[in-house]
Amino acid sequence: MKKLNRRKFLASISGLVAANLTGLVKASNIAWSLTPTETEGPFYPLRAQKDKDLDLTRIKGESGRASGRVIVIELVVRDQSGKGLENVQVDLWQANAAGRYRHSQDKNKSPLDPFFQGWAIVSSDKDGKIQFKTVFPGVYPASNTWNRPPHIHFKISKPSYGAITTQMYFPSHPLNEKDLLLQRKTTKEKKLMISTVDKEDPDKFYYNVVLQKDG
Ligand SMILES: [Fe+2]
């Protein structure tokens with residue numbers, strides 16, 4: 001190749017590489033879809049409680065442990081490029097293993113669990129991660145003809161990002177297919193709202209929440 005042509009050739013290749021890299025960067029900025037929102041539901045905790053830490057299976061000062069199957073959830077809060085966001089406040093609440101909320105409006109006949117914390121307000125670490133321990137939430141009736149699948153409610157907020165309220169579901173639960181809330185979502189949205197299970201540990205679940213930056 002003549003020297004001039006070779007220079008032109010190299011310049012055009014480097015231009016292509018630069019264009020592709022720009023494309024990749026642009027693509028990576030929107031690589032993660034925003035987490036769909038969902039109703040808060042009627043059972044957001046009303047009564048103040050001191051213990052709102054990462055272990056929902058025990059209440060500080062009590063000797064017992066919550067009934068049910070103990071599970072661990074690893075939640076990561078990210079921006080749309082996938083970067084973990086630190087200091088995100090996550091307010092989470094759920095029914096106990098029998099499907100009962102500690103809430104005066106919950107008319108379910110299932111028993112309360114005196115050792116179940118049921119509610120936590122926690123913050124993400126520098127990598128956007130929050131790992132909490134809880135019990136697998138029970139199924140409960142939302143009406144005479146509708147049983148809610150196991151789920152955990154989240155309210156998630158960080159200054160400069162849009163706050164969201166949502167519900168996280170568990171993989172392969174048969175009631176997911178019949179739930180009146182989850183079935184309103186598109187196939188893509190459902191996938192974003194259902195956690196995944198660890199390949200080796202059936203009691204560990206992973207969930208990503210993606211927030212939108214303001215402006
Ligand atoms: Fe609920």
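Some points to look at:
- Whichever residue in the stretch 124-136 is in contact with a strand residue (DSSP E or B) (Cβ under 6 Å, 6 or more places away or on another chain) and not β-branched (Val, Ile, Thr) and, among such residues, is nearest to the ligand (Cβ to nearest atom): 136
- Screening the candidates 34, 85, 4, 46 for the property of being at pLDDT 95 or above, hydrophobic (A, V, I, L, M, F, W, C) and surrounded by fewer than 18 Cβ atoms within 10 Å (Cβ to Cβ) yields one hit, 34.
- Single condition residue 72 does not satisfy, out of (1) more than 16 Å from the ligand (Cβ to nearest atom); (2) part of a loop (DSSP other than H, G, I, E, B); (3) modelled with pLDDT of 95 or more; (4) over 27 Å from residue 162 (Cβ atoms): (2)
- Test result for residue 38, within 16 Å of the ligand (Cβ to nearest atom) and either farther than 23 Å from residue 190 by Cβ or not polar (S, T, N, Q) (or both): yes
- With a requirement of 1 or more residues that are under 18 Å from the mean Cα position of the chain (by Cα), of a type in the set (Ser, Thr, Tyr) and crowded, with 17+ Cβ neighbours inside 10 Å, the strands (runs of 3 or more DSSP E) lying completely within the stretch 100-215 that satisfy it span 129-135, 164-169, 204-210.
The values are calculated or read from the model by the stated rules, or taken from the named source; none is laboratory data. Note that this is a predicted model, so its numbers are computed, not measured. Positions of Cβ are backbone-derived with ideal geometry, glycine not excepted, and every protein chain shown enters the neighbour counts.
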